[in-house]
Amino acid sequence: MLVAENIAKSYAAPRGESIHAVVDASFSVAKGEVLGLLGPNGAGKTTLLRILATIIKPSAGSVRINDVDALADPNAARRLVGFLSGNTRLYGRLTGAETLRYFGRLYGMKEKRIRKRIDELTALLDMSAFLHRRCDSLSTGQLQRVNIARVMLHDPPLLILDEPTLGLDIMTSRAILSFIGDARDEGRAVIFSTHYMTEAEMLCDRIALIHEGHIRALDTKEALFASTGTDNLQDTFLAVATGTPTP
Amino acid sequence: MNWRIIRTIFLKECLDTLRDRRAVIAMVVVPVLLYPAIFIIGAQGLIVQQARIEATASRVAVSGDAREVVAAWLETEENVELREVEEPREALLSGRLDAVIETGEGSDPEAGLDSLAVRILYDSVEPRSTAARERLQSRLQERSRELVRDRVAAANLPEGFARPLALSSEDTASTERRTGFFLGSILPLLMVLMLGVGAFYPAIDLTAGEKERGTFETLLATPAGKLNIVWGKFLTVFLICMVTGILNLGSMAVSVLFQLSMVEETLGEFGLTISWDMLLIAFCAMVPLAFFVSAIMMAIAVLARSFKEAQNLVTPFFLAMIFPATYAAMPGMTLNAFNQFIPIANVALLFKALFLGEATIEGAFAVIVSTAAFALLALQLATWLFQQDEMLLAEDRGFAFLRRRSSFEPQSTPTMTMGLFLFGFTMLLLFYPGTYAQSQSIYSGLLITQYGFILLPTLLLLWYARIDLRESLSLRMPGLASLAAIVPASLAWIVLQSQTAVWQARALPFPDALRDAFEQLLDTTQIGVIPLLFIVAVTPAICEEVMFRGAMLSSFRRRMPAWAAILLVGLLFGIFHLSVHRLLLTALSGVLLTWIVYRSRSLAHGVLAHFLINGSAILVVTGNLPEFMLRVLADPELEQTGLPMWMLLGAALVFLASMVAFAMSTRRQGNSLA
């Protein structure tokens with residue numbers, strides 16, 4: 001579904017040096033698979049996911065999504081991706097329905113299909129009570145449901161989710177995690193970043209441990225535990241990040 | 001470009017803006033309701049006040065020896081009520097009287113041929129008192145004329161004896177033209193301000209506002225494409241700017257005309273014919289101006305990381321728009337070959353010409369085309385900024401000022417905010433202590449201004465913000481070949497500038513005051529040529545280059561393409577010299593110097609070129625050049641004739657050849673033009 005090879009991203013820094021936000025990251029995600037990016041704040045997760053979603057360009061490397069070269073044809077790649085970030089907000093002065101119609105048009109969907117998908121998602125996410133209310137009057141949970149509908153509207157085979165549960169209450173977080181599980185069951189590929197170890201343990205088929213821009217380890221949970229001699233992701237991460245075995 | 005996507009974004013942004021109560025109040029409620037209310041209530045208030053004053057009798061006391069004579073003249077006046085008061089001046093000051101007439105030396109003018117001194121005391125800030133003065137003056141002047149007529153008749157003299165000249169004047173301007181002059185001076189300025197007001201809020205809200213609300217990332221993740229996004233947003237800002245501008249201007253114009261018609265009797269007759277042709281041309285000029293203002297405001301706002309920061313960045317541009325508009329509103333200023341290319345001023349002048357019925361199709365065409373060209377450049381800049389990932393997704397780091405030095409991360413170049421701050425701050429120093437220092441002593445004042453108010457703040461800012469001096473000031477060893485190429489280029493540039501000055505003077509003559517100030521500055525009898533060269537050539541070459549081609553160029557390059565940074569530094573360099581008559585020449589030199597430093601990445605080239613340009617100008621003006629050169633360059637007839645063609649062609653060839661040599665020698669050092 002997605003193949004990323006040798007992705008790197010650098011920014012200009014003081015004294016002509018560079019900050020390396022992402023260094024030589026290579027991995028792939030298959031259909032029906034959830035890949036978790038696990039790392040502390042500032043590890044490079046957001047930069048990497050923004051590159052995969054074609055929001056920013058990498059300094060080096062390549063990304064292919066369903067055989068589409070995402071750097072050469074970012075618009076074609078974007079049609080295959082649903083992107084949701086913990087920081088994503090919605091237009092407060094538009095209603096949920098207007099928001100969905102707007103994004104449907106930006107994705108180049110026909111009006112008839114937009115209407116059909118809105119009806120389907122409204123039923124699926126139980127949004128009929130607030131779909132025609134302005135977003136600035138919705139609760140956090142309701143907003144997140146509209147956001148999920150926005151991500152799913154064009155039926156993308158790949159979901160890229162950047163800390164989607166950041167700052168949410170338990171109920172809303174659970175709904176998001178349930179949505180990720182459902183997406184996987186529907187055969188979609190999911191890449192999501194988090195710094196909540198429990199979320200990663202619960203959902204991910206494979207986990208990439210990212211630290212200071214480098215992917216330090218990438219494997220299944222069980223394989224990571226075995227290679228580091230640990231039994232939980234927190235210890236695994238510390239062992240990988242510091243290069244020392246945990247007690 | 002995908003017009004379907006642009007239309008989608010445009011419609012969404014319009015809907016979003018229309019649902020914003022603040023925007024609707026600023027766009028619709030204020031112009032449609034507030035201006036008419038203010039003007040109509042104001043006009044009615046004025047009329048009521050005028051009527052009240054006219055209906056009220058003036059309370060007047062007469063004092064002095066001839067009190068009874070003067071009082072008798074006023075007794076028949078309907079609106080004058082004579083009062084007996086002990087201390088008339090006191091009564092006037094306390095408001096118990098509206099005016100006092102003091103009679104002084106002299107005797108009764110009715111009895112003989114003497115003259116009587118009569119003085120009216122009144123309070124100019126009291127409308128009742130001012131009205132009293134007018135009534136009394138009118139009555140006393142009338143009485144004076146009657147007495148002259150009586151004396152002339154008594155002496156059997158002809159009527160013309162006391163009136164050797166029958167002086168009168170007649171205004172040939174039609175009422176339409178008088179009203180056109182009045183409105184043509186005010187409305188263009190208001191139009192520029194209203195377009196600015198119209199674009200201000202949406203330009204910020206659709207860029208920095210969207211960044212702050214966290215919706216930009218979502219938009220960028222769609223297949224809309226940045227070019228379509230910027231066009232969709234720009235068209236929204238442009239439409240709102242136009243609608244607000246037209247609503248504001250229309251509402252204000254109607255309100256002003258209504259007010260004028262109501263107070264016609266007080267202020268004289270007004271009349272204005274507005275033809276459809278005029279409205280069409282005015283609209284055609286307004287479109288590119290709104291386009292230009294919208295694009296510039298959007299380009300500036302996208303630099304900001306938050307709504308508040310964007311307000312801080314856009315406000316100086318909004319205020320700066322007033323200058324060219326005020327220039328256009330000045331009496332006697334008309335559209336000419338020079339100013340028809342000055343953005344904002346040209347449209348304001350075209351409006352003025354339309355109201356006066358003096359606009360020509362050629363002038364209107366030049367204004368519309370040049371404004372459209374500036375607008376496209378501004379939009380190009382906004383589009384380029386939108387393409388920068390760092391510009392759209394940067395986190396809010398806030399202002400860099402007022403932080404402890406230790407909290408600054410060492411950086412290679414100053415930020416754009418620091419560059420703009422430096423310019424604004426040194427301008428303030430130039431305005432106040434700089435002007436004061438130069439008024440005390442021109443030479444030491446210049447030295448204090450250059451080293452104390454330009455060089456020192458620049459170096460302090462770079463040191464305090466922990467900026468790498470070598471990188472930000474381009475302190476690199478220059479190549480000998482490129483340095484050598486600068487010499488003939490700078491000398492040829494002076495010749496070309498002299499001719500440019502001649503052309504400019506035909507459209508915008510140098511005022512005598514400016515000429516005198518220069519002559520005083522360059523008077524070698526007060527100071528020798530060498531000290532003069534040090535103060536006027538060496539010093540600015542160091543101080544101004546460090547600030548403009550060093551700190552400001554490197555700061556603007558962080559967020560702008562090279563061409564935009566070079567043009568902006570050049571323009572600001574021109575503005576820095578605080579003279580509309582020197583703006584073009586200094587801005588052109590500024591652009592050249594900035595390109596030289598950008599190209600060579602070495603400040604030394606800029607310092608040398610700056611020194612040569614200033615130095616050779618001094619040598620020409622002070623006559624310290626070989627006789628054959630002075631015959632041409634310092635010819636007093638130069639302003640009329642211009643430089644000889646052979647010299648212009650020669651200078652142009654030398655300039656181009658030296659610039660090519662300079663470009664080639666710097667390319668060998670590993671630079672590119674891009």
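Data for the structure
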| item | result |
| --- | --- |
| Shielding by partners, peptide A:106-118 (average Cβ within 10 angstrom, other chains) | 2 |
| Beta bridges by DSSP in chain A, antiparallel share as percent, to the nearest 5 | 50 |
| Selection from B:147, B:73, B:112, by position along the positive dipole direction of segment B:56-158 (Cβ) | B:147 |
| Accessible area expressed per residue, the protein assembly as shown, with surrounding protein chains retained (probe 1.4 Å, Å²) | 47 |
| Karplus 3J(HN,Hα) series, Hz, for segment B:77-85 with 6.51 cos²θ - 1.76 cosθ + 1.60 (x for Gly, Pro) | 5, 5, 9, 10, 10, 7, 10, 9, 10 |
| Normalised contact order of chain A, rounded percent, pairs of Cα under 8 Å and 6 or more residues apart | 26 |
| Ranked packing of B:526-533, B:151-158, most packed first, by mean Cβ within 10 Å | B:526-533, B:151-158 |
| Beta bridge orientation in the protein assembly as shown: antiparallel %, DSSP, nearest 5 | 50 |
| When each of A:110/B:226; A:31/B:211; A:45/A:110 is checked by Cα-Cα distance, pairs over 25 Å | A:31/B:211; A:45/A:110 |
| Crossing angle, helix B:416-429 versus chain B [Cα axis fit, 0-90 degrees, rounded to tens] | 40 |
| Distant-in-sequence amide H partners of residue B:336 (H built 1.01 Å from N, under 5 Å) | none |
| Chain B: calculated mean residue ellipticity at 222 nm from DSSP helix runs of at least 4, using -39500 (n - 2.57) | -21000 deg cm²/dmol |
| Residue A:70 long-range amide H proximity, modeled H, under 5 Å | A:63, A:64, A:65 |
| ³J(HN,Hα), Karplus 6.51/-1.76/1.60, whole Hz, each residue of segment B:172-189, x for Gly, Pro | 7, 5, 6, 4, 4, 5, 5, 5, x, 5, 5, 6, x, 7, 9, 5, x, 4 |
| Estimated FRET transfer efficiency (residue B:435, residue A:119; beta-carbon r; R0 60 Å; 0.05) | 0.25 |
| A versus B: buried accessible surface, summed, Å² (probe 1.4 Å, to nearest 100) | 3000 |
| Most positive-pole-ward Cα, B:647, B:626, B:554, against dipole of segment B:470-669 from beta carbon charges | B:554 |
| Cα Rg over Rh - segment A:90-155, Kirkwood | 0.93 |
| Farthest toward positive dipole pole in the protein assembly as shown [+1 Lys/Arg, -1 Asp/Glu at C-beta], among A:99, A:83, B:483 | A:83 |
| Extension gain (nm, one decimal) between residue B:646 and residue B:154, 0.36 nm per residue minus Cα-Cα | 169.2 nm |
| Electrostatic dipole magnitude of segment A:149-245 [Cβ: Lys, Arg +1; Asp, Glu -1; Cα centre; debye, to 20] | 140 |
| Theoretical gain in end-to-end length, residue B:173 to residue B:93 [0.36 nm per residue, Cα-Cα removed] | 24.5 nm |
| Packing-based ranking, highest mean first, of B:172-179, B:295-302, B:215-222, A:73-80 given that Cβ atoms within 10 Å are counted | B:295-302, B:215-222, A:73-80, B:172-179 |
| Percent of beta bridges antiparallel (DSSP, segment B:56-158, rounded to nearest 5) | 40 |
| Other protein chain Cβ atoms within 10 Å, averaged over every residue that makes up A:81-93 | 5 |
| Nearest-0.05 FRET efficiency for residue A:76 and residue B:664, computed from C-beta distance (R0 35 Å) | 0.20 |
| Averaged over B:225-238, number of beta-carbon atoms from partner chains that fall within 10 Å | 1 |
| Net charge dipole size for segment B:29-102 [Lys, Arg +1 and Asp, Glu -1 on Cβ; Debye, nearest 20] | 540 |
| Segments B:183-192, B:113-122 sorted - mean Cβ within 10 Å per residue, highest first | B:183-192, B:113-122 |
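The values are calculated or read from the model by the stated rules, or taken from the named source; none is laboratory data. All figures in this text were calculated on a predicted structure; none of them were measured in a lab. Quick reminder, even Gly has a Cβ in these numbers, built from the backbone with ideal geometry, and neighbours come from all protein chains shown. Surface accessibility is based on the protein's heavy atoms, side chains included, excluding ligands, DNA and RNA. Shrake-Rupley method; radii C 1.70, N 1.55, O 1.52, S 1.80 Å.
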